[in-house]
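Visitor: First the structure, which I've put down as structure tokens, then a few questions once you've had a look.
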Amino acid sequence: TDLTSGINLNTDGGNNAYLMTSSGGSVFGGRTALTVEVQYSIANNASLDNPLVSYNVSGTDNEFFLLISATGRISVAIDGQTVTTTGTFSQLLDGKQHSVAASWDNTNGDIRYYINGQLVETRTGIKVGVTLDGGGTLVIGQEQDLVNGGFSAAQRFSGTMFGIRVWDRAVSDEQLSRTYQQNFA
């Protein structure tokens with residue numbers, strides 16, 4: 001779907017708009033590495049967590065998610081373990097269009113966080129050797145605590161989504177820097 005002009009979610013004060021697919025297992029399942037990039041703008045909702053992508057499977061809460069907290073920290077969950085940046089990036093909540101990406105590779109457990117194509121933080125030793133489970137549900141704009149459920153009004157995206165990319169590998173810093181402003185195809 002072409003999202004270059006954006007799709008608004010929960011910008012009217014509501015809290016139940018999200019996108020969902022039960023074929024998320026084919027996107028995330030079986031992965032030992034991945035990169036997720038989201039182009040978005042957040043409405044004025046500084047008191048809320050802003051889940052961009054949530055993938056859950058039966059038996060594991062938060063098999064994968066990418067979330068921007070109400071304070072501007074970026075969180076990624078891998079196989080139930082949440083890893084949050086030590087840095088705070090309040091500019092992500094300023095209502096302007098941004099790109100946030102996170103990559104993970106199970107070889108050394110490296111997580112790399114990017115803002116607008118630039119590497120801002122790295123972590124290592126996260127879920128070394130793990131493979132993401134398949135058969136789950138992918139939700140965009142809400143954070144699932146159960147497969148397609150357990151939604152919280154305090155964990156909803158409120159803004160405009162312009163695009164989402166998922167790679168089945170940890171892409172290079174150079175590739176993210178080079179492509180983050182390109183329209184998603």
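Visitor: Among the residues in the stretch 45-65, are any open to solvent by 30 Å² or more (accessible area, probe 1.4 Å) and farther than 27 Å from residue 27 by Cβ?
Guide: For the stretch 45-65, residues open to solvent by 30 Å² or more (accessible area, probe 1.4 Å) and farther than 27 Å from residue 27 by Cβ: present.
Visitor: Does residue 99 satisfy being touching a Gly at 6+ places or on another chain (Cβ under 7 Å), of a type outside the set (A, V, I, L, M), within 21 Å of residue 181 (Cα to Cα) and touching a residue at least 40 places away in the same chain (Cβ under 8 Å)? Can you show your working first?
Guide: Details: touching a Gly at 6+ places or on another chain (Cβ under 7 Å): yes; of a type outside the set (A, V, I, L, M): yes; within 21 Å of residue 181 (Cα to Cα): yes; touching a residue at least 40 places away in the same chain (Cβ under 8 Å): yes.
It is true that residue 99 is touching a Gly at 6+ places or on another chain (Cβ under 7 Å), of a type outside the set (A, V, I, L, M), within 21 Å of residue 181 (Cα to Cα) and touching a residue at least 40 places away in the same chain (Cβ under 8 Å).
Visitor: Now a separate question. For the stretch 66-119, which strands (runs of 3 or more DSSP E) that fit wholly inside it have 2 or more residues that are open to solvent by 10 Å² or more (accessible area, probe 1.4 Å)?
Guide: Once the strands (runs of 3 or more DSSP E) in the stretch 66-119 are filtered for at least 2 residues that are open to solvent by 10 Å² or more (accessible area, probe 1.4 Å), what remains is 81-84, 98-105, 110-115.
Visitor: Also, quick follow-up: Considering (1) in contact with a strand residue (DSSP E or B) (Cβ under 8 Å, 6 or more places away or on another chain); (2) part of a loop (DSSP other than H, G, I, E, B), say which one residue 54 fails and leave the rest.
Guide: Only one criterion is unmet by residue 54, namely (2).
Visitor: Can you name the residue in the stretch 163-176 that is open to solvent by less than 30 Å² (accessible area, probe 1.4 Å) and over 13 Å from the mean Cα position of the chain (by Cα) and is also nearest to residue 91 (Cα to Cα) among such residues?
Guide: Looking at residues that are open to solvent by less than 30 Å² (accessible area, probe 1.4 Å) and over 13 Å from the mean Cα position of the chain (by Cα), I get 176.
Visitor: If only one of 86, 60 is at pLDDT 90 or above and not aliphatic (A, V, I, L, M), which one is it?
Guide: Every option except 86 fails the conditions.
Visitor: Residues that are over 26 Å from residue 59 (Cα atoms), in contact with a strand residue (DSSP E or B) (Cβ under 7 Å, 6 or more places away or on another chain), outside any strand (DSSP E or B) and among the hydroxyl-bearing types (Ser, Thr, Tyr): does the stretch 161-180 have at least one?
Guide: yes
Visitor: Is at least one residue of the stretch 144-158 touching a Phe, Trp or Tyr at 6+ places or on another chain (Cβ under 8 Å) and under 15 Å from residue 80 (Cα atoms)?
Guide: For the stretch 144-158, residues touching a Phe, Trp or Tyr at 6+ places or on another chain (Cβ under 8 Å) and under 15 Å from residue 80 (Cα atoms): present.
Visitor: Another question, if that's okay. Might you check whether a residue that is touching a Ser or Thr at 6+ places or on another chain (Cβ under 6 Å), open to solvent by less than 20 Å² (accessible area, probe 1.4 Å), under 23 Å from residue 95 (Cβ atoms) and at pLDDT 85 or above occurs anywhere in the stretch 142-159?
Guide: yes
Visitor: Sticking with this one: State the number of residues belonging to the stretch 120-159 that are of a type outside the set (D, E, K, R) and assigned to a loop (DSSP other than H, G, I, E, B). Break it down into steps so the answer makes sense when it comes.
Guide: Residues of the stretch 120-159 that are of a type outside the set (D, E, K, R), as a first pass: 120, 122, 124-126, 128-132, 134-142, 144, 146-155, 157-159.
Still in the running and assigned to a loop (DSSP other than H, G, I, E, B): 124-126, 128-132, 134-136, 141, 144, 147-148, 150-154, 157-158.
Number of matching residues: 22.
The values are calculated or read from the model by the stated rules, or taken from the named source; none is laboratory data. Please read these numbers as outputs of a predicted model, since none were measured by experiment. Glycine gets a Cβ as well: all are built from the backbone with ideal geometry, and neighbour counts include every protein chain shown. These area figures cover heavy atoms from the full protein model, side chains too; ligands, DNA and RNA do not enter into them. Shrake-Rupley method; radii C 1.70, N 1.55, O 1.52, S 1.80 Å.
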